[in-house]
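Single-structure report; data block below.
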Amino acid sequence: AQKITQTQPGMFVQEKEAVTLDCTYDTSDQSYGLFWYKQPSSGEMIFLIYQGSYDEQNATEGRYSLNFQKARKSANLVISASQLGDSAMYFCAMREGNGGYNKLIFGAGTRLAVHP
Amino acid sequence: GAVVSQHPSRVICKSGTSVKIECRSLDFQATTMFWYRQFPKQSLMLMATSNEGSKATYEQGVEKDKFLINHASLTLSTLTVTSAHPEDSSFYICSARQGAVGNEQFFGPGTRLTVL
């Protein structure tokens, strides 16, 4: 079974509008972490936001917020006030457990295009 | 944030030759480094987890004799693609964790390998 599912291969949004990128996950661990990364065409992976499974508050980082719904096992990324520079691939990832050696498992990604 | 570098950023080689890719953590000690492979328009697939001073742990389906990983120091891990073939052409990305705890995994800029 897929550990991380991103059902939107591509999304379009108008500049200055908000957009939600979906991510659902599957784990039996009680302790896990959820991440979102941005990958522009240059290929670098840019860390955006992190949510721990025990965090009660939704994570926020500037224009990025993570809509964490634990019971539904979803961790959607919300980008507010979209900018042209937000056009990129976005990957949701999960790390199970607490250890530093635990690997990140990535979803298939969503390509976001921001239109002027 | 912490910086991870990769060298070279781009390499073209002939079929049958071996290629070495370096991954360095520039301003922190990385107990664990991870090597990923990314085909065009696809997600990152973990190849192996590399712990300093010990043998790498390879993911299922990854040939350890073909993809040699060495993590000789806390700031350097190398991936050698031995006897490269055109199907090994891909984008290779490393990442590093700062110690055994902490949430963020810092990614290198990636190496694009083209085997002719």
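Points to keep in mind about this one:
- Candidates A:D26, A:D55, A:D86: whichever shows maximal mean-square fluctuation once chain A is modelled as a Gaussian network with Cα springs under 10 Å: A:D55
- Peptide A:102-110 has a mean shielding of 5, counted as Cβ atoms of other protein chains within 10 Å of each residue's Cβ.
- Peptide A:34-43 has a mean of 3 when you count, residue by residue, the C-beta atoms of other protein chains within 10 Å of its C-beta.
- Where both bridge residues fall in chain A, DSSP classifies roughly 85% of the beta bridges as antiparallel.
- The tail of the calculated P(r) for chain A beyond 23 Å holds 24 percent of all Cα-Cα pairs.
- Whole-Å distance, taken between Cα centres, linking the range A:34-83 and the range B:1-73: 26 Å
- The Kirkwood radius of the protein assembly as shown, taken over pairs of alpha-carbon atoms, gives through the Stokes-Einstein law at 10 °C and 1.306 mPa s a diffusion coefficient of 87 µm² s⁻¹.
- On chain B, 52 percent of the accessible area sits on carbon and sulfur atoms, based on a 1.4 Å probe.
- GNM result for chain B, Cα springs below 10 Å: residue of B:S18, B:S50, B:S77 fluctuating most strongly: B:S18
- At a probe radius of 1.4 angstrom, the accessible area of the protein assembly as shown per residue rounds to 48 square angstrom.
- Heavy atoms of A:E96 accessible to a 1.4 Å probe, total area in Å² rounded to 10: 40 Å²
- Shielding value for B:41-48 is 5, the average number of Cβ atoms from other chains within 10 Å of each residue's Cβ.
- Among B:F107, B:S9, B:Q29 - extreme Cα towards positive end, dipole of chain B, charges at beta-carbon: B:S9
- Bridge type composition, the protein assembly as shown - antiparallel percent by DSSP, nearest 5: 90 percent
- Relative contact order %, chain A, counting alpha carbon pairs below 8 Å whose residues are six or more apart: 37 percent
- Per the accessible-area calculation with a 1.4 Å probe, the total area buried between chain A and chain B rounds to 1700 Å².
- In range of the label at B:L116: residues from the range B:5-29 whose backbone nitrogen is under 19 Å from the point 7 Å along Cα→Cβ: B:8-20
- Compared with the alpha-carbon gap, the fully stretched path from B:D27 to B:L68 is longer by 12.3 nm at 0.36 nm per residue.
- The range A:1-90 - percent of accessible surface contributed by carbon and sulfur, probe 1.4 Å: 46 percent
- Entry note, chain B: relative contact order of 37 percent, from Cα contacts under 8 Å with a spacing of 6+ residues.
- The percentage of C-alpha pairs in the range A:32-98 whose separation is greater than 20 Å is 27%.
- Candidate lysines for bridging to B:K20, where Cα separation is under 27 Å - those fewer than 8 sequence places away on the same chain excluded: A:K38, A:K103, B:K41, B:K55, B:K64, B:K66
- Net dipole in debye of chain B [+1 Lys, Arg Cβ; -1 Asp, Glu Cβ; about Cα centre; nearest 20]: 240 debye
- Chain B: most fluctuating residue of B:G61, B:G16, B:G53 per GNM, C-alpha cutoff 10 Å: B:G61
- Percent antiparallel among DSSP beta bridges (both partners in chain B, rounded to 5): 90 percent
The values are calculated or read from the model by the stated rules, or taken from the named source; none is laboratory data. Predicted, not measured: the structure shown is a model, and the values here were computed from it. Positions of Cβ are backbone-derived with ideal geometry, glycine not excepted, and every protein chain shown enters the neighbour counts. Side chains included, ligands, DNA and RNA excluded: accessible areas come from the protein's heavy atoms. Shrake-Rupley method; radii C 1.70, N 1.55, O 1.52, S 1.80 Å.
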